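The values are calculated or read from the model by the stated rules, or taken from the named source; none is laboratory data. Please read all numbers here as calculations on a predicted model, not as lab measurements. Don't worry about glycine lacking a Cβ; one is built from the backbone with ideal geometry, like all the others, and counts go over all protein chains shown. Heads up: the accessible areas ignore ligands, DNA and RNA and are worked out on the full protein's heavy atoms, side chains in. Shrake-Rupley method; radii C 1.70, N 1.55, O 1.52, S 1.80 Å.
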Amino acid sequence: MFLPLHDGVPLKNMKTPSGTRLLIVTCVVVYLLTFYGPLGPDAMIAGLGLIPSVLFGTEILPEGYPFVPVSLTLLTNIFLHVSLFHLLGNMLFLWVFGDNVEDAMGHGRFIVFFLLCGGFASLVHALIEGESHHPLVGASGGVSGVVAAYLILYPRVRIWGLFLKGIPLRLPAYWAIGFWFVLQFIAAFFGEDRGVGWFAHLGGFVAGALLIPLMRHRYDPLLARIETQEMKAPR
């Protein structure tokens, strides 16, 4: 288990990470509508969640479901969460890592980046769990893409986080995120808990690693030197 708490990396290209905040607010609003809205959680999850067997046409939902064209559930599921802990965990990762990734590519590109990572993560899950009738929900795939991008941008920045049973440690990003990735990999290939979209996490991570070189701001040698000095500076 790993929960990030703080990284301390200042923003260089913007004052406010508006894209990150918009995504967090959207997830919170959808959560409130899911559990306190007129439809209820079962209807919201059936209407907006990704069900692999429905996506590939081997099962059909009752009339009126899903609420959007079935292919769009690859994206709409990203904003659904099944519990407060599920929501808070994903939003904490997005809050800690999202602002600096957004700073590297701009508001609009960051939102597109998040959706691409989340959509690809959903597709990977659907391809692997093609016959499953259990809905996939949650921002974990998009968040995993953000985590991968952060690792590439700031591999040596030290991150405060809670590890294992809540042990507070301050480790370089490549250790902290590497530990998190290993846990996802082990759970996906060797774990028995199929109720979590582990392969979606891995898919989102791969998408983020591939997309960040293409979507970040054009390389600036001066900025690169500043970032290198900051990463080497004692903290």
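Mean-square fluctuation check for the chain, GNM, Cα pairs under 10 Å: which of 141, 57, 197 is largest?
57
Mind checking which of 177, 167, 159 has the largest fluctuation in a GNM of the chain, springs on alpha carbons under 10 Å?
167
Show me the ranking of peptides 77-85, 143-151 by mean Cβ neighbours inside 10 Å, starting with the highest.
Put in order of decreasing packing, that is 143-151, 77-85.
Full-extension gain between residue 59 and residue 39, please, as 0.36 nm times their residue separation minus the C-alpha to C-alpha distance.
5.0 nm
Over the chain, what is the mean sequence separation of C-alpha contacts under 8 Å (at least six apart), divided by residue count, expressed as relative contact order in percent?
27
Just the accessible area for residue 59, please: 1.4 Å probe, Å², rounded to the nearest 10?
Residue 59 has an accessible surface of roughly 80 Å² with all protein chains in place.
For residue 169, put the label point 7 Å out on the Cα→Cβ axis and report which residues of segment 1-43 keep their amide N under 14 Å from it.
Residues passing the 14 Å test: 1-5.
What is segment 75-167's relative contact order, in percent, from Cα pairs under 8 angstrom and six or more apart in sequence?
About 45 percent, as a whole number.
Check which residues have an amide H placed less than 5 Å from residue 132's amide H, if you skip close sequence neighbours.
53
Below 8 Å, C-alpha to C-alpha, sequence gap of six or more: please give me the relative contact order for segment 155-198 in percent.
27
Based on the Kirkwood radius over alpha-carbon pairs, what is the Stokes-Einstein translational diffusion coefficient of the chain at 20 °C with 1.002 mPa s viscosity, in µm²/s?
117
State the Kirkwood hydrodynamic radius of segment 82-171 in Å, one decimal place, computed from all pairs of distinct Cα atoms.
It works out to 14.5 Å.
Report the extension gain between residue 162 and residue 14 in nm, rounded to one decimal, defined as 0.36 nm multiplied by the number of residues separating them, less their alpha carbon distance.
Taking 0.36 nm per residue and subtracting the Cα distance, the gain is 50.4 nm.
Using all C-alpha to C-alpha distances in segment 48-121, build P(r) with 10 Å bins and read off the rounded percent in each one.
17, 39, 30, 12, 1
For residue 72 and residue 131, calculate 0.36 nm times their separation in residues minus their Cα-Cα distance, and state this gained length in nm to one decimal. Walk me through the intermediate numbers first.
Working: separation 59, 0.36 × 59 = 21.24 nm, distance 1.84 nm.
Length gained, residue 72 through residue 131: 19.4 nm.
Helix-only estimate, please: 222 nm mean residue ellipticity of the chain, summing -39500 (n - 2.57) across DSSP H runs of length 4 or more and dividing by its residues, to the nearest 500.
That calculation yields -19500 deg cm²/dmol at 222 nm.
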